[in-house]
Structures are given as C-alpha cells and as structure tokens.
Ligand SMILES: O=P(O)(O)OC[C@H]1O[C@H](O)[C@H](O)[C@@H](O)[C@@H]1O
C-alpha cells in the first residue's frame, strides 16, 4: 500500500465488510454439518506442529477474500523488505532482523553495507562458551565455588521471552543451576530472590538493550550493594556481574568488564530478542545444543513463512483470521490458552509481542487509522482457567477468539494425566464451537416439572459459535517451541502490515517512562505540584503516608 491509498479505502476492504454482514449469522455447527471434510480442508502441518483453524466463523470465500487483502497489502513484499534488512522500523530508522538471529553462519544479510551474520554468531559463540563454563563448573565465583544461581535482571523483552522459554524447557534444564528472573522495580521481586541465594555462588546478568531502563539499573545497583554487604569485595564484582546490551560503554561505566559484556544489536527489538544473547540465561539453563535446536525451530518457521503459499501459510492464516475478528467483527480480545504448565508465561510474552507491536491507531505514515487494530492478548494455562474465566467464554455475551495450544506428549511419563489434560482441551473447543441449543437443554431436563424446566433450560443454553484455533505440538521441546514463538512473531507482523502499522516501535511506553521520571523526585520533596487534581492528590497522600526506608 502506498500512503495515498490506505487499506480501508480499497475495494477488498469493502468486500470483506459486506461478506461479514452476509455471513455473521452462520453458526459453525451448521458449517461443520455442511462441510464434513472441514478439518481436512482447514488444517496445516509443519514438522511437529499442527494448526486446526476449522473452528472459526469462516468459509472458503472468507479465506479467499482475506488472502486477496494480504496480497493487496503486499505482505510478501514487506516480508522481503524485513528479511533483507530494509529499515522498515521507520520511526526509529532501524532494520528489523530477528529472523537473521536464526540464520546459519554462512548466510549473508547486509545492514548499512555490512554483513551482520558473522557478528551474530561471534556473540552467540561467546555466550555458548560462557554458559558452558558455568554449566561444567570451570567458571567459578570469586572464591572458587561452583555457580549455583543465575539472576537475570531485566524487564520487558529482556525478561518475558527468556523467562517464558526457561520455564517451558524446564525438563531440558541442567540440575543444580537455578535460574531466577527479576524484573519489577518493586523491591520485593529482587529481595525475595536474594533471600534464597549465596552471593559467592551467584552470577547476575544485567540484561538491557539500552542500558538506560531505570527499573533494571536500579535493581542492578541494589543487587550490587547487597552483594558487597554480604562480605564480597569490589574486585569480586567483575566475576559475578555480566551484561547483555547494545550500549557497551554504558555497561562498562556500570563496572562490568569488557569480557563479560555480550553485545546485542540495534536491529533487534526487545520483544523479539530472546533469540539473541538476551537469551543467555536460557543458554545457561538448557545448554548450547538445545538453544541451537530452539533457533533451528524458529528458522524452520521462517522458511515456511517466507515460502509457503499464503493459503497454506500458518502465520498468515492465523494473522488473517485474527484480523477478520478484530477489524471486521470489531472484537477486542484474543485469549492464549496453553494446556501445558511449562507454557504458563506464554500469554505474558505474547502480550508484549502483540500489544506493544500492534497496539497503535496511527499508520506508519502518521495517518489516524479509522478501524480497529491490535487486540488485547490475555490468557492462562489450561485446565486451571476452565475453573476461572471459561464461564464467560461459554455463556458471556461477547465474541472472543482464542488459541488452544496442546502438546500431544508430556516429558513426564504420566500418560493417564496427560490424556485428561488433552481431553479437556478438545472438549472445550468443541463446546465453544457447538454450544447447546434450547431444545437440547430442554431434553436434558425431562425429570423436572414444566415450570422448573422453563426457568432452568435458558440457563443451560450455550450459544456456541465461539471461535478457536488449536495448535498441537508433538511435545514441548526446544525445536517445537522455536517454531511456536516464530509463528506468533510472523502472525503479528502480517497483521501489522495489513493495518499499515509500524509494529516495531513503542512510543506509548516511552511516554509513561518520561512522566515517571518527572514524578519520582516529587515523591521525596514538598515542592508544589502542578499535575491534574487526581495526580496531585495521590502524590500528596503518598508523601504523607510513605515511610522512608532504604538498604544502607
Ligand atoms: O532492554 P531494555 O533496553 O532495558 O528495554 C526493556 C524494555 O523497555 C521498554 O519497556 C520497551 O517498551 C520494551 O520493548 C523493552 O523490551
């Protein structure tokens, strides 16, 4: 699309609106009845991953129109621009090359006339060497003791991806090495972790692309103070504090020695950075070979995304179906429901990935968008959430789409439990799709008198027609997890391209940071306040009731 023709002024856009109006009363129950091979027609498979998208309010005509929309928006052209290193993050004048992080060493990608692939592998090799020496005990603390704990101090992309992957791949984790994540500037987060570790056997990883994020720097400084208070010396710091950043001089100024600074690159967004040295905590947890399998899984999904026809392209299908609801049905949210305890932080990671990327209402050309864009992403692990918010999905008034993610096999050999888990996932998507009619509800209540049935039956009706995608993975292993995460990255990309958004900046977050920086000194003084009445009142109340206590 060029700036003079926004996507919502194209003929295909109008056709999709018309199509939505004419199909919105179709029930998926009937679609399945009319199309017995609907699953065969509406699923895709890639390596150990299967996507079933048949339980959606779509017909083959819907898909034809949506794919035409993707073509008109030039999804293919923009994908080529991204992977070859064009500066598609226009507001920050940056390339967007998380896919390059997953390339093999002989590949070539140029940014500002320089092939970046050798640098990627150089830094990854440094990270692998460091992690390996921690894992095999060669790298010890300053007093010669084996490292038992790694504390990753970072926030946003420097936290959510690594934490989620570490939790998901727990069965692949080295025993005897504990990995902790500290993100919140709420001191409780750091102090509760510090309470459990021995400074002489702990390595702190300060993970911050910019090395300016106040929460991270404050936590790092507090960790440093604590380290010295525990009887460790200044000279020990170099052995126990590591940094990952693209701002090397800032990390050095903090006191980190050059050998312990791992570089990440300007052209990787925080929310896409788990594949880079930001994943050092993950590498320490699962080792080089497993991390390479994780990268290989991401790469396999990249290849599929770059080459598969749009009609059979998993991230494209997910992107288009999501867009169908968010823009043409104007739904506001999308749930992520992994039936896997290890994936319990997936929704949090995808919240940042999706909402920070596409939570925008202005186009990359600065025009106000006149349609609904990025959804609210939320979710929780199944089956726990069945006992919490599923009531609203089943009988609430809103159309809410969701992704169910189900591993076929568990690492833990308790097949009986795993079958219960999987059966619950399949049952939920069936119930959400099919629902229960008033006639069916009445039939179930034959034992009641007529008056009671009239009262009870409507309460037992499930409208159904609630859409879901189901993703089956052979098991949660590094390769499959890599495919899954790259799939979501490309899904978000497809939607951003069609909406005309720059998915790679985050000015909204920046604004909040600036305001917090201004307010923070006001909490310690009695200077006059010049905010709105509410903000003034809250600051004033805090001033009066806060007890100043600091670690000395
Ligand atoms: O890695 P850092 O530079 O410390 O940034 C950490 C995070 O800061 C902000 O919240 C940004 O919105 C995120 O995208 C980023 O991941």
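List of remarks:
- Between residue 43 and residue 539, the simple spin-label model (points 7 angstrom out along Cα→Cβ) gives 5.9 nm.
- Inter-part distance where region 229-270 and region 340-359 are each reduced to a Cα centre, Å: 27 Å
- Dividing the mean sequence gap of close Cα pairs (under 8 Å, 6+ apart) by how many residues the chain holds gives a relative contact order of 19 percent.
- Above 25 Å, the calculated P(r) of region 214-313 contains 37 percent of its Cα-Cα pairs.
- Overall dimensions of region 100-177, expressed as equivalent-ellipsoid semi-axes from the Cα gyration tensor (√(5λ), whole Å, largest first), are 29, 17, 12.
- The Cα trace of region 383-443 gives Rg and Dmax of 14.0, 43 Å, the first to one decimal, the second as a whole number.
- The alpha-carbon positions of region 195-266 define a convex hull whose volume is 84 Å³ per residue.
- Per residue Cα convex hull volume in Å³ - calculated over region 1-152: 231 Å³
- Dividing the summed -39500 (n - 2.57) terms of all DSSP H runs of n ≥ 4 by the residue count of the chain sets its mean residue ellipticity at 222 nm at -14000 deg cm²/dmol.
- Residue-normalised convex hull volume from the C-alpha trace of region 510-552: 88 Å³ per residue.
- Computing FRET efficiency as 1/(1 + (r/R0)^6) for residue 513 and residue 450, where r is the C-beta to C-beta distance and R0 is 56 Å, gives about 0.30.
- Three-way shape label, region 100-286, alpha-carbon gyration tensor, a/c 1.5: prolate
- Shown here: region 370-479, whose C-alpha atoms stretch 57, 50, 20 Å along the first, second and third principal axes, sorted largest to smallest.
- Panel note: the C-alpha atoms of the chain, placed on their principal axes, show extents of 79, 61, 60 Å (largest first).
- Cα-derived Rg over Rh, computed across region 397-552 with Rh taken as Kirkwood radius: 1.20
- Kirkwood Rh and Cα Rg combined as Rg over Rh, evaluated for region 270-387: 1.01
- The ranking of 160, 65 by Cβ neighbour count inside 10 Å, starting from the fewest, reads 65, 160.
- For a modelled paramagnetic label at residue 308, 7 Å from Cα along Cα-to-Cβ, no residue of region 74-100 is in reach, as no backbone nitrogen comes under 15 Å.
Laboratory data are not the source of any read-out in this text; all were calculated from the coordinates shown. Just so it is clear, the structure is predicted and the values come from calculations on it, not from any experiment. All Cβ positions, even for glycine, are placed from backbone atoms using ideal geometry, and neighbour counts span all protein chains on display.
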